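Participant: Below is a structure I'd like to ask you about.
Since every read-out is calculated from the coordinates, none of them should be taken as a lab result. The structure presented is a predicted model; accordingly, all values stated were derived computationally and were not measured. Counting neighbours? That spans all protein chains shown, and the Cβs are built from the backbone with ideal geometry, glycine included.
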Amino acid sequence: MELATNLRDRKKERTREALFDAAMVLFSERGFAGTTVDDLAAEAQVSRRTFFRYFPEKEAVVFPWDGERLTRFEAILGEASADEEPFDSIRRALLALADEYMGKAKDMLVQHQLIESAPQLLAYERKLDRRWEEALAAALGRGAHGAKQEREARILAGAMMGAIRATLAEWFAGGARADLAEMGQQALDLIEHGARRRR
């Protein structure tokens, strides 16, 4: 039974990767707006129905691993000990993801360039980012007492998302060749200790 499950999982992953690869090729050639779901399904040699089993809409095919990454991020946060500060838990989780991003730097760079080329994909990315920001706010608000602390957690989560986006933009601008984990450490230090430190 376990073998069958593993085979099914591998087949699903291959199909998802085939759809992502098809999107990278066709969107690059024809543009996002000039490519249909039927085009993507045909390029990946699957049916339209299969496409929608994997992705709820055309935009989602460009972000095939976002949901899994968010789940892993939340799982790492959930492993925090009772005495670990929320900011430290978040740092640990984000740096683990940075290592993963560096392992897929080429795919990440192609994905980024595609997203930047289509307003629909930029908007979809921001929608996904809101889920990450909510996860950050939940972690930072762990044990919060009262509206003020909850508001502060949301504000800090927004600031962290801004720092994450800015760091990734710098990384992509350099061809995704730099050490993203080190860049992330520096960005988190800046958030934790504040801009005054630099004066």
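Participant: Please give the contour-minus-distance gain from residue 131 to residue 82: 0.36 nm per residue of separation, less the Cα-Cα distance, rounded to one decimal in nm.
Facilitator: So the extension gain works out to 15.2 nm.
Participant: Just from its helices, what would the mean residue ellipticity at 222 nm be for the chain, if runs of 4 or more DSSP H residues each count -39500 (n - 2.57) and the sum is divided by every residue, rounded to the nearest 500 deg cm²/dmol?
Facilitator: Values: 9 runs with 152 residues, N = 199.
Calculated from helices alone, the mean residue ellipticity at 222 nm is -25500 deg cm²/dmol.
Participant: Considering Cα pairs under 8 angstrom that are at least six residues apart, work out the relative contact order of the chain and quote it in whole percent.
Facilitator: It comes to 18 percent, rounded to a whole number.
Participant: I need 87, 27 ordered by Cβ neighbour count within 10 Å, fewest first.
Facilitator: Working: 87 15, 27 24.
By the 10 Å Cβ count, ascending, the order reads 87, 27.
Participant: If neighbour count is taken as other Cβ atoms inside 10 Å, put 50, 35 in order from fewest to most.
Facilitator: Arranged by neighbour count, lowest to highest, 50, 35 become 50, 35.
Participant: At what distance in nm do the modelled label points of residue 147 and residue 75 sit from each other, each positioned 7 Å from its Cα along Cα→Cβ?
Facilitator: Computed distance between label sites residue 147 and residue 75 equals 3.8 nm.
Participant: While we're on this one: Magnitude of the Cβ-charge dipole of the range 1-142, K/R +1 and D/E -1, about the Cα centre, nearest 20 debye? Provide the component values of the computation, followed by the final result.
Facilitator: Details: 22 positive and 27 negative charges, 113 e Å.
In total the dipole reaches around 540 debye.
Participant: Quick check: the distance between the Cα centres of the range 149-196 and the range 45-86, to the nearest angstrom?
Facilitator: 21 Å
Participant: What net charge do the residues around residue 143 carry, taking every other residue with its C-beta under 12 Å from that of residue 143, with Lys and Arg at +1 and Asp and Glu at -1?
Facilitator: Neighbourhood net charge equals -3.
Participant: Take a quick pass over the chain and tell me how many lysine pairs come in under 21 angstrom between Cα atoms, counting only ones 8 or more apart or on separate chains.
Facilitator: The result is 5.
Participant: For residue 52 and residue 179 in the same chain, what is the full-extension length gain: residue separation times 0.36 nm, less their Cα-Cα distance, in nm? Each step should come with its number before you reach the end.
Facilitator: Numbers: separation 127, 0.36 × 127 = 45.72 nm, distance 3.60 nm.
Here the segment from residue 52 to residue 179 would lengthen by 42.1 nm.
Participant: Based on the alpha carbons, how large is the Rg to Rh ratio for the chain when Rh follows Kirkwood?
Facilitator: Here Rg/Rh amounts to 1.01.
Participant: Then there is this: Under 11 Å from the Cβ of residue 47, count the other residues' Cβ atoms, weight Lys and Arg +1, Asp and Glu -1, and hand me the total. Don't skip to the end; give the middle numbers.
Facilitator: Details: positive: 48, 49, 53; negative: 38.
For residues surrounding residue 47, the net value is +2.
Participant: Something else about it: Let me see the P(r) profile for the range 2-61: every Cα-Cα distance counted, bins of 5 Å, each bin given as a percent of all pairs.
Facilitator: Per 5 Å bin, starting at zero, the Cα-Cα P(r) for the range 2-61 comes out as 4, 20, 30, 22, 12, 7, 4, 2, 0 percent.
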